[in-house]
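Asker: The structure's right below; bear with me while I get my questions together.
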Amino acid sequence: MNFNEVQTPCYVVDERLLIQNLELLKSIEDRTGCHILLAQKAFSMYSLYPLIGKYLHGVASSSLHEARLGYEEMGKEVHTFSPAYIDSDFDDIMKYSDHIVFNSFDEWGKYKDRIKKTNKHIECGIRINPEYSEIETDIYNPCFTHSRLGVTLANFKPDELDGIDGLHFHTMCEQNSDTLERTIKVVDEKFGPYMKQMKWINFGGGHHITREDYDVETLIRCINYIQDKYDVEVYLEPGEAVALNTGFLVSTVLAITENEMKLGILDTSAACHMPDVIEMPYRPNIIDAGEPGDYPYTYRFGGPTCLAGDIIGDYSFQRPLTVGDKVVFCDMAIYSMVKNNTFNGVNLPSIAYYSKKEGMKVIKTFGYEDFKSRL
Ligand SMILES: *Cc1c(COP(=O)(O)O)cnc(C)c1O
């Protein structure tokens with residue numbers, strides 16, 4: 001793959017790497033009979049939905065627009081969950097969704113008659129909060145104190161389950177299957193009595209299935225355990241795992257300055273193009289770069305905005321950098337395009353993919369209108 005072929009900044013997704021992930025996910029569906037959905041919140045590059053749809057069962061959505069995108073561009077099952085639905089959206093949510101998951105019994109009570117009255121079969125679920133999670137960062141922990149996501153056992157209403165086909169929990173983030181196994185134990189203890197009457201259980205996302213050290217056999221054991229014990233179908237809705245390590249963000253060095261260390265200003269911004277770098281926070285990997293000090297030439301990279309904290313991180317190189325050099329960030333398919341913005345008038349990166357058949361293909365570029373039209 002030749003990154004010099006694209007104008008920067010540009011997200012590039014490598015179809016060959018995506019297919020590797022999809023094949024692993026498909027093998028789990030084949031071995032267990034479970035259904036895997038793409039959580040669009042992590043990755044909504046819909047030009048690849050026809051490909052993803054060959055391997056996965058459909059999409060998970062958290063809004064009307066995501067539901068519609070999945071319906072129109074993948075055309076398979078559409079599952080929708082929202083912490084609270086917008087009344088005026090709900091008819092369209094029903095139009096685009098096969099499964100609708102509610103965040104409380106109040107919400108279920110509010111909408112169930114409308115669901116009953118449509119001539120379409122929609123399966124309904126309740127999101128539960130098992131109050132067990134091993135996530136240490138609160139912003140990513142759906143079980144932190146007073147979390148608004150899901151119904152706790154204390155608030156669960158067994159006498160309002162008529163019409164409910166499934167239970168949904170989502171309590172993981174970038175975790176391995178040992179965490180799932182411990183979570184399932186708690187879910188089973190607390191909500192087992194209600195699972196018998198369900199058609200399906202949705203294990204949510206956060207399963208880092210396509211990471212190198214992920215233990216697939218434990219995941220398979222967890223799925224089979226719940227399917228066999230309660231005679232239910234299991235759904236998983238990973239976002240990250242679908243497109244993990246399949247994308248790059250290609251950028252160019254615009255300027256090199258100095259302030260007690262070498263500073264590189266890039267044409268890509270942490271704040272605009274990879275907001276998780278600041279939100280998580282984390283330091284993305286760069287091809288051919290090391291930790292500061294690993295190699296002789298260390299630089300701190302920042303974006304072209306006027307935000308002082310628009311800093312990506314410190315990196316070292318074997319050779320000194322010069323203006324015009326390409327800097328390629330790794331694992332930039334997920335939670336990047338879906339979260340980017342035009343703060344400070346910074347243009348959005350174009351979007352490209354590389355396939356064996358067609359080589360590098362730019363499928364989308366952005367300009368002034370994309371900035372102006374949102375304001
Ligand atoms: C975010 C989210 C997912 C996907 O999570 P990943 O960490 O990207 O796998 C799935 N389901 C729900 C309800 C979510 O909020």
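What follows is calculated from the coordinates using simple rules that are stated; it is not laboratory data. Predicted, not measured: the structure shown is a model, and the values here were computed from it. Methodologically, a virtual Cβ is constructed for each residue, glycine included, from the backbone with ideal geometry; neighbour enumeration extends over all protein chains shown.
Asker: Could you sort 146-155, 71-80, 14-23 so that the peptide with the highest average Cβ count within 10 Å comes first and the rest follow in order?
Answerer: Values: 146-155: 13.8, 71-80: 20.3, 14-23: 18.2.
Per-residue Cβ counts within 10 Å, averaged per peptide and sorted highest first, yield 71-80, 14-23, 146-155.
Asker: Sort largest first and round to whole Å: the equivalent ellipsoid semi-axes of the stretch 167-319, each the square root of five times a Cα gyration tensor eigenvalue.
Answerer: 44, 15, 12
Asker: Compute the length gained on full extension between residue 5 and residue 325: take 0.36 nm times their separation in residues and subtract their Cα-Cα distance, giving the result in nm to one decimal.
Answerer: Working: separation 320, 0.36 × 320 = 115.20 nm, distance 1.33 nm.
Gain on stretching residue 5 to residue 325: 113.9 nm.
Asker: At 7 Å along the Cα-to-beta-carbon direction for both residue 254 and residue 121, put a label point, then send me their distance in nm to one decimal.
Answerer: 5.5 nm
Asker: Where both partners of a DSSP beta bridge lie in the chain, what percent of those bridges are antiparallel, to the nearest 5? List each step's numbers first, then the result.
Answerer: On the way: 27 of 63 bridges.
Just about 45 percent of them are antiparallel.
Asker: Can you list the lysines whose alpha carbon sits under 23 Å from that of residue 357, skipping same-chain ones fewer than 8 residues off?
Answerer: Partners within reach: 26, 54.
Asker: If you don't mind, there's one more thing I want to ask. Taking each full run of DSSP H in the chain as one helix, which ones are at least 30 Å long along their axis (Cα atoms) and have mean Kyte-Doolittle hydropathy of at least 1.0? Please list the in-between numbers first.
Answerer: Numbers: long enough: none.
Passing helices, by number: none.
Asker: Given +1 on the Cβ of Lys and Arg, -1 on the Cβ of Asp and Glu, and no further charges, what dipole in debye does the stretch 33-243 carry about its Cα centre, rounded to the nearest 20?
Answerer: Numbers: 22 positive and 35 negative charges, 117 e Å.
Computed charge dipole of the stretch 33-243: roughly 560 debye.
Asker: What FRET efficiency would be calculated for the residue pair residue 20, residue 308, taking the C-beta separation as r and a Förster radius of 35 Å, to the nearest 0.05?
Answerer: Working: r = 40 Å, r/R0 = 1.13.
Calculated value: 0.35.
Asker: Now for a different question. Using +1 on the beta carbon of Lys and Arg, -1 on that of Asp and Glu, and nothing else charged, what's the dipole of the chain about the Cα centre, debye to 20? Don't skip to the end; give the middle numbers.
Answerer: On the way: 37 positive and 56 negative charges, 164 e Å.
Using Cβ point charges on Lys, Arg, Asp and Glu, the chain gives about 780 debye.
Asker: Could you tell me which residue out of 243, 135, 111 lies farthest along the dipole of the stretch 33-243 toward its positive end? Charges go on the beta carbon: Lys and Arg +1, Asp and Glu -1, centred on the Cα centre.
Answerer: Towards the positive end, the residue furthest out is 111.
Asker: By how many nm would the segment from residue 29 to residue 212 lengthen if fully extended, with 0.36 nm per residue of separation less the alpha-carbon distance? Please report the intermediate quantities before stating the final value.
Answerer: Working: separation 183, 0.36 × 183 = 65.88 nm, distance 1.87 nm.
Net length gain for the segment: 64.0 nm.
Asker: Assuming R0 = 41 Å, what is the FRET efficiency of residue 46 and residue 154, from their Cβ-Cβ distance, to the nearest 0.05?
Answerer: On the way: r = 40 Å, r/R0 = 0.98.
That pair, residue 46 with residue 154, gives E of 0.55.
Asker: Setting aside same-chain residues fewer than 8 positions from residue 112, which lysines have a Cα under 26 Å from its Cα?
Answerer: Here the lysines satisfying the reach criterion relative to residue 112 are 41, 76, 95, 120, 157, 190, 196, 199.
Asker: What are the aspartates and glutamates whose alpha-carbon lies under 14 Å from the alpha-carbon of residue 229, with same-chain residues fewer than 8 places away excluded?
Answerer: Correct list for residue 229: 188, 189.
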